[in-house]
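Read through the structure below, which is laid out as C-alpha coordinates, and then see the notes.
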Amino acid sequence: MNEHEQLQESAIDYLRVLAQHIGERPAGSPAEKQAMDYIQEKMEKAGYHIERTPAAFASEWPYFPLFGIGALLLMLAGFLLSVTPIPALLLPLLYIALPQVSRWMIQKKERTKQSENLFASIPDAGQTNRLIVCAHVDSGKMSGLQKPIWINFYNQLLFYGQRIAIFLAMLAIVQMVGVRLPIEIFIAVRVLVLLLGGIWFSLDLVAQLGGSGRCSPGANDNASGVAVAMAFAQSSKVKPPKKYQIAFLFTGAEETGLHGAETFAKKLNPETDVVLNLDMVGIGDQLHYVTAEGTLNILRTDKVLNKVIVQSDKNAKGIWYTVRSGDFAAFLRNGIRATSLEMRSGNQTGYHYHSRFDHIYNIDENALNATLRCLKFFQAFYEDEF
(Lines give C-alpha, C1' and ligand atoms only; values in the text may rest on other atoms or scores of the structure.)
Protein backbone atom coordinates (compact mmCIF):
# COMPACT_ATOMS: atom_id res chain seq x y z
CA MET A 1 0.00 0.00 0.00
CA ASN A 2 1.52 3.34 -1.06
CA GLU A 3 1.40 6.58 0.96
CA HIS A 4 -1.67 7.95 -0.79
CA GLU A 5 -3.64 4.75 -0.25
CA GLN A 6 -2.68 4.83 3.43
CA LEU A 7 -3.94 8.41 3.75
CA GLN A 8 -7.22 7.49 2.08
CA GLU A 9 -7.68 4.51 4.40
CA SER A 10 -6.94 6.70 7.43
CA ALA A 11 -9.51 9.25 6.27
CA ILE A 12 -12.17 6.54 5.98
CA ASP A 13 -11.35 5.25 9.48
CA TYR A 14 -11.64 8.76 10.95
CA LEU A 15 -14.87 9.36 9.08
CA ARG A 16 -16.37 6.12 10.35
CA VAL A 17 -15.74 7.11 13.97
CA LEU A 18 -17.11 10.63 13.53
CA ALA A 19 -20.21 9.83 11.47
CA GLN A 20 -21.10 6.32 12.59
CA HIS A 21 -19.80 5.79 16.12
CA ILE A 22 -20.34 9.35 17.35
CA GLY A 23 -23.05 10.27 14.86
CA GLU A 24 -24.99 13.53 14.78
CA ARG A 25 -23.01 16.37 16.35
CA PRO A 26 -25.14 19.45 17.12
CA ALA A 27 -23.21 22.58 18.03
CA GLY A 28 -22.43 22.70 21.75
CA SER A 29 -23.59 19.12 22.37
CA PRO A 30 -21.76 16.32 24.22
CA ALA A 31 -21.37 14.60 20.82
CA GLU A 32 -19.57 17.62 19.37
CA LYS A 33 -17.23 17.60 22.38
CA GLN A 34 -16.70 13.85 21.97
CA ALA A 35 -15.69 14.47 18.36
CA MET A 36 -13.29 17.23 19.45
CA ASP A 37 -11.78 14.87 22.04
CA TYR A 38 -11.26 12.22 19.36
CA ILE A 39 -9.63 14.74 17.01
CA GLN A 40 -7.33 15.93 19.81
CA GLU A 41 -6.29 12.37 20.63
CA LYS A 42 -5.33 11.59 17.03
CA MET A 43 -3.65 14.94 16.33
CA GLU A 44 -1.59 14.80 19.54
CA LYS A 45 -0.52 11.26 18.65
CA ALA A 46 0.66 12.61 15.29
CA GLY A 47 2.81 15.18 17.11
CA TYR A 48 0.70 18.35 16.99
CA HIS A 49 0.26 20.92 19.73
CA ILE A 50 -3.44 21.39 20.54
CA GLU A 51 -5.20 24.58 21.55
CA ARG A 52 -8.93 24.43 22.37
CA THR A 53 -10.75 27.72 22.75
CA PRO A 54 -14.41 28.55 23.47
CA ALA A 55 -16.75 29.90 20.81
CA ALA A 56 -20.11 31.39 21.77
CA PHE A 57 -22.97 30.78 19.36
CA ALA A 58 -26.64 31.58 18.89
CA SER A 59 -29.09 28.69 18.76
CA GLU A 60 -30.96 28.10 15.52
CA TRP A 61 -34.57 29.16 15.10
CA PRO A 62 -37.00 26.20 14.97
CA TYR A 63 -38.30 27.72 11.75
CA PHE A 64 -36.35 30.24 9.65
CA PRO A 65 -38.73 31.88 7.17
CA LEU A 66 -36.35 32.70 4.29
CA PHE A 67 -37.85 30.28 1.75
CA GLY A 68 -41.35 30.66 3.20
CA ILE A 69 -41.23 34.42 2.61
CA GLY A 70 -39.90 33.80 -0.89
CA ALA A 71 -42.85 31.52 -1.66
CA LEU A 72 -45.41 34.00 -0.29
CA LEU A 73 -43.88 36.92 -2.20
CA LEU A 74 -44.02 34.88 -5.41
CA MET A 75 -47.72 34.16 -4.95
CA LEU A 76 -48.47 37.77 -4.00
CA ALA A 77 -46.70 39.22 -7.03
CA GLY A 78 -48.40 36.76 -9.39
CA PHE A 79 -51.90 37.38 -8.04
CA LEU A 80 -51.49 41.19 -8.10
CA LEU A 81 -49.98 41.32 -11.57
CA SER A 82 -53.31 42.16 -13.22
CA VAL A 83 -53.91 44.94 -10.66
CA THR A 84 -50.44 46.48 -10.35
CA PRO A 85 -47.07 45.50 -11.87
CA ILE A 86 -45.01 46.96 -8.99
CA PRO A 87 -44.73 43.79 -6.78
CA ALA A 88 -43.69 41.67 -9.78
CA LEU A 89 -41.17 44.31 -10.83
CA LEU A 90 -39.59 44.33 -7.36
CA LEU A 91 -39.67 40.56 -6.86
CA PRO A 92 -36.21 39.74 -8.36
CA LEU A 93 -34.66 42.46 -6.19
CA LEU A 94 -36.36 41.06 -3.10
CA TYR A 95 -35.04 37.59 -3.94
CA ILE A 96 -31.53 39.04 -4.17
CA ALA A 97 -31.92 40.80 -0.82
CA LEU A 98 -33.49 37.96 1.19
CA PRO A 99 -30.35 35.77 1.62
CA GLN A 100 -28.31 38.80 2.69
CA VAL A 101 -30.96 39.86 5.21
CA SER A 102 -31.07 36.32 6.62
CA ARG A 103 -27.27 36.33 7.08
CA TRP A 104 -27.52 39.64 8.94
CA MET A 105 -30.27 38.29 11.19
CA ILE A 106 -28.22 35.19 12.08
CA GLN A 107 -25.09 37.23 12.81
CA LYS A 108 -27.00 39.65 15.07
CA LYS A 109 -28.79 37.00 17.13
CA GLU A 110 -27.68 36.88 20.77
CA ARG A 111 -25.08 34.19 21.49
CA THR A 112 -26.11 32.37 24.61
CA LYS A 113 -24.60 28.91 24.05
CA GLN A 114 -21.07 27.57 23.98
CA SER A 115 -19.12 25.53 21.45
CA GLU A 116 -15.37 25.38 20.85
CA ASN A 117 -12.59 25.39 18.26
CA LEU A 118 -9.59 23.08 18.13
CA PHE A 119 -6.35 24.37 16.59
CA ALA A 120 -3.51 21.95 15.84
CA SER A 121 -0.05 23.27 15.01
CA ILE A 122 3.53 22.07 15.03
CA PRO A 123 5.27 23.23 18.20
CA ASP A 124 8.27 25.54 17.66
CA ALA A 125 7.87 25.32 13.90
CA GLY A 126 9.68 28.62 13.38
CA GLN A 127 7.98 29.57 10.11
CA THR A 128 5.94 32.78 10.02
CA ASN A 129 3.72 31.99 7.04
CA ARG A 130 0.91 29.49 7.63
CA LEU A 131 -1.46 27.53 5.44
CA ILE A 132 -4.41 26.68 7.71
CA VAL A 133 -6.62 23.77 6.66
CA CYS A 134 -10.07 24.27 8.18
CA ALA A 135 -13.08 21.95 8.60
CA HIS A 136 -16.16 22.27 10.79
CA VAL A 137 -17.03 19.45 13.19
CA ASP A 138 -20.72 20.06 13.94
CA SER A 139 -23.57 18.65 11.83
CA GLY A 140 -26.66 20.52 10.63
CA LYS A 141 -30.34 20.19 11.44
CA MET A 142 -31.93 17.27 9.61
CA SER A 143 -34.61 17.90 6.99
CA GLY A 144 -38.05 16.48 7.66
CA LEU A 145 -38.36 15.42 4.01
CA GLN A 146 -37.92 11.66 3.73
CA LYS A 147 -37.74 10.92 0.00
CA PRO A 148 -34.76 11.83 -2.21
CA ILE A 149 -37.09 13.04 -4.98
CA TRP A 150 -38.73 15.59 -2.65
CA ILE A 151 -35.39 16.68 -1.18
CA ASN A 152 -33.93 17.26 -4.66
CA PHE A 153 -37.08 19.11 -5.76
CA TYR A 154 -37.03 21.27 -2.63
CA ASN A 155 -33.35 22.11 -3.17
CA GLN A 156 -34.19 23.36 -6.68
CA LEU A 157 -37.26 25.42 -5.79
CA LEU A 158 -35.33 28.65 -5.23
CA PHE A 159 -33.79 28.24 -8.69
CA TYR A 160 -37.25 27.83 -10.23
CA GLY A 161 -38.66 30.66 -8.13
CA GLN A 162 -35.93 33.06 -9.26
CA ARG A 163 -36.62 32.27 -12.94
CA ILE A 164 -40.35 32.77 -12.54
CA ALA A 165 -39.67 36.02 -10.68
CA ILE A 166 -37.66 37.27 -13.67
CA PHE A 167 -40.49 36.20 -16.01
CA LEU A 168 -43.04 38.10 -13.91
CA ALA A 169 -40.81 41.18 -13.88
CA MET A 170 -40.63 41.05 -17.68
CA LEU A 171 -44.44 40.89 -17.87
CA ALA A 172 -44.59 43.84 -15.47
CA ILE A 173 -42.31 45.88 -17.74
CA VAL A 174 -44.48 45.03 -20.75
CA GLN A 175 -47.51 46.31 -18.83
CA MET A 176 -45.75 49.49 -17.76
CA VAL A 177 -44.91 50.44 -21.36
CA GLY A 178 -48.61 50.28 -22.19
CA VAL A 179 -49.07 46.82 -23.75
CA ARG A 180 -52.37 45.20 -22.77
CA LEU A 181 -51.94 41.54 -21.91
CA PRO A 182 -54.73 39.03 -22.53
CA ILE A 183 -56.64 37.78 -19.50
CA GLU A 184 -55.47 34.21 -20.20
CA ILE A 185 -51.89 35.20 -19.31
CA PHE A 186 -52.96 36.51 -15.90
CA ILE A 187 -54.94 33.32 -15.24
CA ALA A 188 -51.97 31.16 -16.25
CA VAL A 189 -49.65 33.21 -14.03
CA ARG A 190 -51.96 32.82 -11.03
CA VAL A 191 -52.16 29.06 -11.51
CA LEU A 192 -48.38 28.84 -11.89
CA VAL A 193 -47.51 30.87 -8.77
CA LEU A 194 -50.22 29.16 -6.71
CA LEU A 195 -48.85 25.72 -7.58
CA LEU A 196 -45.16 26.51 -7.21
CA GLY A 197 -45.54 28.88 -4.26
CA GLY A 198 -47.89 26.54 -2.43
CA ILE A 199 -45.64 23.51 -2.94
CA TRP A 200 -42.58 25.56 -1.97
CA PHE A 201 -44.18 26.87 1.23
CA SER A 202 -45.49 23.43 2.22
CA LEU A 203 -42.22 21.61 1.57
CA ASP A 204 -40.34 24.29 3.51
CA LEU A 205 -42.55 23.75 6.54
CA VAL A 206 -42.05 19.98 6.40
CA ALA A 207 -38.30 20.31 5.78
CA GLN A 208 -37.73 22.62 8.74
CA LEU A 209 -40.29 21.39 11.25
CA GLY A 210 -40.58 17.69 10.37
CA GLY A 211 -37.12 16.58 11.48
CA SER A 212 -38.02 16.38 15.19
CA GLY A 213 -35.17 18.75 16.01
CA ARG A 214 -32.52 16.13 15.21
CA CYS A 215 -29.33 16.68 13.24
CA SER A 216 -28.19 14.66 10.25
CA PRO A 217 -25.48 12.00 10.78
CA GLY A 218 -23.12 14.48 9.12
CA ALA A 219 -20.96 12.06 7.17
CA ASN A 220 -20.45 14.31 4.16
CA ASP A 221 -21.30 17.54 6.00
CA ASN A 222 -18.77 17.60 7.46
CA ALA A 223 -17.09 14.50 8.89
CA SER A 224 -15.60 14.12 5.40
CA GLY A 225 -13.76 17.44 5.63
CA VAL A 226 -12.55 16.71 9.16
CA ALA A 227 -11.37 13.21 8.22
CA VAL A 228 -9.47 14.38 5.14
CA ALA A 229 -7.82 17.16 7.15
CA MET A 230 -6.76 14.67 9.85
CA ALA A 231 -5.34 12.26 7.28
CA PHE A 232 -3.47 15.07 5.51
CA ALA A 233 -2.08 16.16 8.89
CA GLN A 234 -0.33 12.79 9.20
CA SER A 235 1.44 13.27 5.89
CA SER A 236 2.39 16.92 6.40
CA LYS A 237 3.84 16.13 9.85
CA VAL A 238 6.02 13.31 8.53
CA LYS A 239 7.22 15.47 5.62
CA PRO A 240 6.66 19.06 6.78
CA PRO A 241 7.30 21.97 4.42
CA LYS A 242 10.49 23.89 5.13
CA LYS A 243 9.43 27.42 4.19
CA TYR A 244 6.01 27.64 5.85
CA GLN A 245 3.84 25.85 8.39
CA ILE A 246 0.68 23.82 7.78
CA ALA A 247 -1.76 24.07 10.68
CA PHE A 248 -5.25 22.66 11.16
CA LEU A 249 -8.40 24.30 12.52
CA PHE A 250 -11.47 22.26 13.49
CA THR A 251 -14.36 24.62 14.17
CA GLY A 252 -17.57 24.23 16.10
CA ALA A 253 -20.92 25.95 15.53
CA GLU A 254 -20.55 26.40 11.77
CA GLU A 255 -24.11 25.30 11.09
CA THR A 256 -25.52 27.90 13.49
CA GLY A 257 -23.95 30.82 11.61
CA LEU A 258 -20.16 30.31 11.25
CA HIS A 259 -19.72 31.26 14.89
CA GLY A 260 -16.64 29.13 15.57
CA ALA A 261 -14.72 30.36 12.53
CA GLU A 262 -15.73 33.96 13.20
CA THR A 263 -14.32 33.74 16.72
CA PHE A 264 -11.02 32.24 15.56
CA ALA A 265 -10.58 34.52 12.53
CA LYS A 266 -9.96 37.48 14.82
CA LYS A 267 -6.74 35.79 16.02
CA LEU A 268 -5.20 35.42 12.56
CA ASN A 269 -2.77 37.68 10.73
CA PRO A 270 -3.82 38.79 7.21
CA GLU A 271 -0.14 39.18 6.28
CA THR A 272 0.94 35.62 7.07
CA ASP A 273 -2.14 33.36 7.25
CA VAL A 274 -4.20 31.82 4.45
CA VAL A 275 -7.11 29.42 4.96
CA LEU A 276 -8.19 26.45 2.85
CA ASN A 277 -11.64 25.30 3.99
CA LEU A 278 -12.91 21.73 3.47
CA ASP A 279 -16.68 21.30 3.46
CA MET A 280 -18.62 18.30 2.06
CA VAL A 281 -15.77 16.57 0.25
CA GLY A 282 -17.06 12.98 0.53
CA ILE A 283 -19.75 12.77 -2.18
CA GLY A 284 -19.48 13.76 -5.83
CA ASP A 285 -17.36 13.17 -8.89
CA GLN A 286 -16.04 16.69 -9.51
CA LEU A 287 -13.91 19.01 -7.40
CA HIS A 288 -15.46 22.46 -6.86
CA TYR A 289 -14.16 25.63 -5.24
CA VAL A 290 -16.17 28.60 -4.02
CA THR A 291 -15.56 31.82 -5.95
CA ALA A 292 -17.93 34.13 -4.05
CA GLU A 293 -20.57 34.28 -1.32
CA GLY A 294 -23.54 36.60 -0.95
CA THR A 295 -25.87 38.63 -3.13
CA LEU A 296 -25.55 42.27 -2.04
CA ASN A 297 -22.43 42.41 0.13
CA ILE A 298 -20.47 39.95 -2.01
CA LEU A 299 -17.39 38.24 -0.56
CA ARG A 300 -14.92 36.91 -3.13
CA THR A 301 -12.49 34.13 -2.33
CA ASP A 302 -8.76 34.42 -2.99
CA LYS A 303 -7.91 34.19 -6.70
CA VAL A 304 -4.41 32.79 -6.13
CA LEU A 305 -5.72 29.95 -3.98
CA ASN A 306 -8.39 29.19 -6.59
CA LYS A 307 -5.77 29.10 -9.35
CA VAL A 308 -3.82 26.50 -7.36
CA ILE A 309 -6.96 24.35 -7.13
CA VAL A 310 -7.44 24.54 -10.90
CA GLN A 311 -3.77 23.64 -11.43
CA SER A 312 -4.22 20.61 -9.19
CA ASP A 313 -7.32 19.49 -11.11
CA LYS A 314 -8.04 21.00 -14.53
CA ASN A 315 -11.68 19.87 -14.25
CA ALA A 316 -12.25 21.78 -10.99
CA LYS A 317 -15.24 24.09 -11.24
CA GLY A 318 -16.05 27.36 -9.48
CA ILE A 319 -19.37 27.92 -7.66
CA TRP A 320 -20.98 31.06 -6.24
CA TYR A 321 -22.87 30.67 -2.96
CA THR A 322 -25.92 32.94 -3.20
CA VAL A 323 -27.92 31.27 -0.41
CA ARG A 324 -25.53 28.96 1.44
CA SER A 325 -22.33 29.98 3.20
CA GLY A 326 -19.35 28.36 4.91
CA ASP A 327 -16.49 29.01 7.35
CA PHE A 328 -14.40 30.58 4.59
CA ALA A 329 -16.74 33.60 4.64
CA ALA A 330 -15.92 34.36 8.28
CA PHE A 331 -12.22 34.57 7.40
CA LEU A 332 -12.85 36.74 4.34
CA ARG A 333 -14.88 39.17 6.46
CA ASN A 334 -11.84 39.52 8.72
CA GLY A 335 -9.42 40.21 5.88
CA ILE A 336 -7.91 36.70 5.77
CA ARG A 337 -7.22 35.19 2.34
CA ALA A 338 -9.39 32.07 2.03
CA THR A 339 -11.19 29.70 -0.28
CA SER A 340 -13.24 26.50 0.10
CA LEU A 341 -13.21 23.04 -1.46
CA GLU A 342 -16.30 20.92 -2.07
CA MET A 343 -17.08 17.78 -4.05
CA ARG A 344 -20.25 17.71 -6.18
CA SER A 345 -21.87 15.86 -9.04
CA GLY A 346 -22.67 18.56 -11.58
CA ASN A 347 -24.09 21.71 -10.01
CA GLN A 348 -26.23 19.93 -7.43
CA THR A 349 -25.65 19.67 -3.69
CA GLY A 350 -27.62 16.40 -3.70
CA TYR A 351 -30.27 14.87 -1.51
CA HIS A 352 -27.70 13.97 1.18
CA TYR A 353 -27.40 17.60 2.31
CA HIS A 354 -28.85 18.04 5.83
CA SER A 355 -30.89 14.87 5.52
CA ARG A 356 -31.04 11.37 6.96
CA PHE A 357 -29.15 10.21 3.87
CA ASP A 358 -25.94 12.00 4.94
CA HIS A 359 -24.65 8.66 6.17
CA ILE A 360 -21.32 6.93 5.78
CA TYR A 361 -22.69 4.35 3.33
CA ASN A 362 -23.09 7.16 0.76
CA ILE A 363 -19.47 8.34 1.05
CA ASP A 364 -17.42 7.97 -2.13
CA GLU A 365 -13.78 7.06 -1.55
CA ASN A 366 -12.86 8.61 -4.90
CA ALA A 367 -14.17 11.98 -3.66
CA LEU A 368 -11.95 11.78 -0.58
CA ASN A 369 -9.06 10.77 -2.81
CA ALA A 370 -9.54 13.79 -5.11
CA THR A 371 -9.52 16.15 -2.16
CA LEU A 372 -6.38 14.58 -0.67
CA ARG A 373 -4.59 14.94 -4.01
CA CYS A 374 -5.53 18.61 -4.13
CA LEU A 375 -4.14 19.15 -0.61
CA LYS A 376 -0.86 17.43 -1.52
CA PHE A 377 -0.59 19.69 -4.56
CA PHE A 378 -1.16 22.73 -2.33
CA GLN A 379 1.65 21.60 -0.06
CA ALA A 380 4.11 21.29 -2.93
CA PHE A 381 2.98 24.54 -4.58
CA TYR A 382 3.46 26.65 -1.46
CA GLU A 383 6.86 25.12 -0.77
CA ASP A 384 7.99 26.52 -4.12
CA GLU A 385 6.07 29.77 -3.67
CA PHE A 386 7.58 30.85 -0.34
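The values are calculated or read from the model by the stated rules, or taken from the named source; none is laboratory data. Please read all numbers here as calculations on a predicted model, not as lab measurements. Backbone-built Cβ (ideal geometry, glycine too); neighbour counts: all protein chains shown.
Overview of values
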item: Filter result (part of a helix (DSSP H, G or I) and crowded, with 19+ Cβ neighbours inside 10 Å) within segment 206-225; result: A207, Q208, A219, N220, D221, N222, A223, S224, G225
item: Residue list for segment 303-323, filter: farther than 21 Å from I132 by Cα and without any contact (Cβ under 8 Å) to a residue 24 or more places away in the chain; result: K314
item: Leading residue by the ranking (modelled with the highest pLDDT) among those in segment 274-292 that are over 14 Å from the mean Cα position of the chain (by Cα) and surrounded by fewer than 20 Cβ atoms within 10 Å (Cβ to Cβ); result: Q286
item: Some residue of segment 285-302 being touching a Pro at 6+ places or on another chain (Cβ under 7 Å), among the aliphatic types (A, V, I, L, M) and in contact (Cβ under 8 Å) with a residue 12 or more places away in the chain; result: no
item: Residues that are more than 13 Å from the chain's Cα centre (by Cα) and polar (S, T, N, Q), drawn from segment 324-347; result: N334, S345, N347
item: Of all residues in segment 184-205 being under 12 Å from L81 (Cβ atoms) and touching a residue at least 12 places away in the same chain (Cβ under 8 Å), the one that is surrounded by the fewest Cβ atoms within 10 Å (Cβ to Cβ); result: I185
item: Filtered residues of segment 157-182 (kept if modelled with pLDDT of 90 or more, of a type in the set (A, V, I, L, M) and in a helix (DSSP H, G or I)); result: I164, A165, I166, L168, A169, M170, L171, A172, I173, V174, M176
item: Test: residue in segment 156-169 that is out of contact with any helix residue (DSSP H, G or I) (no Cβ under 8 Å at 6 or more places or on another chain), closer than 30 Å to L18 by Cβ and buried (at least 20 other Cβ atoms within 10 Å of the Cβ); result: no
item: Tally of residues being at pLDDT 95 or above and part of a helix (DSSP H, G or I) across segment 48-70; result: 0
item: Tally of residues being β-branched (V, I, T) and under 20 Å from the mean Cα position of the chain (by Cα) across segment 119-156; result: 4
item: Lone qualifier among Q245, Q175 - being farther than 30 Å from I86 by Cα, among the polar types (S, T, N, Q) and touching a residue at least 12 places away in the same chain (Cβ under 8 Å); result: Q245
item: Failed item, numbered, when F381 is tested on (1) at pLDDT 95 or above; (2) in a helix (DSSP H, G or I); result: (1)
item: Count of residues meeting criterion [modelled with pLDDT of 95 or more, charged (D, E, K, R) and under 26 Å from F67 (Cα atoms)] in segment 114-149; result: 1
item: Scan of segment 350-364 for residues that are in contact with a helix residue (DSSP H, G or I) (Cβ under 6 Å, 6 or more places away or on another chain) and not small (G, A, S), ordered by number; result: Y351, H352, D358, H359, I360, I363
item: Search result, residues across segment 100-132 that are closer than 23 Å to K42 by Cα and buried (at least 17 other Cβ atoms within 10 Å of the Cβ); result: S115, E116, N117, L118, F119, A120, S121, I122, R130, L131, I132
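Okay, residues lined up against (1) touching a strand residue (DSSP E or B) at 6+ places or on another chain (Cβ under 6 Å); (2) part of a helix (DSSP H, G or I); (3) aliphatic (A, V, I, L, M); (4) closer than 30 Å to D302 by Cβ:
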| site | (1), (2), (3), (4) |
| --- | --- |
| L73 | no, yes, yes, no |
| A77 | no, yes, yes, no |
| P87 | no, yes, no, no |
| L90 | no, yes, yes, no |
| Q100 | no, yes, no, yes |
| R111 | yes, no, no, yes |
| L118 | yes, no, yes, yes |
| C134 | yes, no, no, yes |
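One line per residue, one yes/no per condition, for (1) aliphatic (A, V, I, L, M); (2) free of Cβ contacts under 8 Å to residues at least 24 places away in the same chain; (3) in contact with a helix residue (DSSP H, G or I) (Cβ under 6 Å, 6 or more places away or on another chain):
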position: Q34; (1), (2), (3): no, yes, yes
position: Q40; (1), (2), (3): no, no, no
position: I50; (1), (2), (3): yes, no, yes
position: A56; (1), (2), (3): yes, no, no
position: E60; (1), (2), (3): no, no, no
position: S82; (1), (2), (3): no, no, yes
position: L91; (1), (2), (3): yes, no, yes
position: I96; (1), (2), (3): yes, no, no
